[in-house]
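Every number in this text was worked out from the coordinates using simple rules, so none of it is lab data. It should be emphasised that the depicted structure is a prediction, and the values quoted were computed from it without experimental measurement. We place every Cβ from the backbone using ideal geometry, glycine too, and count neighbours over all the protein chains shown.
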Amino acid sequence: MPLAERGYPMVGLDAASLMVERAREQAEREKVAAGLVRGEAERLPFREAAFDVVLCLFNSFGYLLSDEGNAEVIREVARCLRPEGRFLLDTRNRDYQFSHLPFSEVISLDDGGAVWLECDRDAEGKRLISQFRSPATGEVLHEASIRVYPLEDLRRLFAGAGFDIERIGGGYNWRPFGPRSRELLILGRKG
């Protein structure tokens, strides 16, 4: 929404119809023109060379169950970018994330309720598993699993899709990336 408010033509994509509908409602409330589409990242519903920039923000990468599926997401981004187009991937720093596991906290909700969040890695040490539970009953309300890649694996995925990496940072202020960086940002240019 902030980019659309600044006049950039935007298209938002999410696999969940609920999230697309919430974004539409927010765009209407804020009177912002933004195209919003439900679709799968590994099969983007856009023509070749449709965009100058693709942003994958807020840990949206790595949810597919196979490494090949996640690699296909990056190849699809490259397909949809014009020559010299740029791709910004915001993901988690695997080393930082895994050094803080297991993790558990109770999160207060806006409606006065609460949810209990537990995070740990899978048995292979490749995926971050997050469970949201009812504090009262322990019932699992939602579970998410995200493949968290080390930087070198992401470099290979970018290269395999035809991207030259222009910049790597440990946050949106482009501070240097290191083991204590919570985030990992990679800016690639389509070669």
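Observations on the model:
- Charge-dipole axis of the chain as Lys and Arg at +1 and Asp and Glu at -1 on Cβ define it, positive-most pick from Ala71, Gly125, Ile168: Ile168
- P(r) weight above 22 Å for the chain, C-alpha pairs, percent: 55 percent
- Dipole magnitude of the chain, debye to nearest 20 (Cβ charges: Lys/Arg +1, Asp/Glu -1, about Cα centre): 660 debye
- The value of relative contact order for the chain, using C-alpha pairs under 8 Å at least six residues apart, is 19 percent.
- At least 15 Å along the helix axis (C-alpha) and Kyte average at least 1.6, DSSP helices within the chain: none
- Placing a label point 7 Å from the Cα of Val140 along the Cα-to-Cβ direction, the residues of region 93-130 whose backbone N falls under 18 Å from that point are 102-105, 115-130.
- The residues neighbouring His142, those whose beta-carbon lies less than 13 Å from its own, together hold a net charge of -2 under the Lys/Arg +1, Asp/Glu -1 convention.
- Taking Lys and Arg as +1 and Asp and Glu as -1, the other residues whose beta-carbon sits under 13 Å from that of Leu18 total 0.
- Dipole magnitude of region 119-191, debye to nearest 20 (Cβ charges: Lys/Arg +1, Asp/Glu -1, about Cα centre): 320 debye
- Helix-only arithmetic for the chain: the sum of -39500 (n - 2.57) across DSSP H runs with n ≥ 4, divided by the residue total, places the mean residue ellipticity at 222 nm at -7500 deg cm²/dmol.
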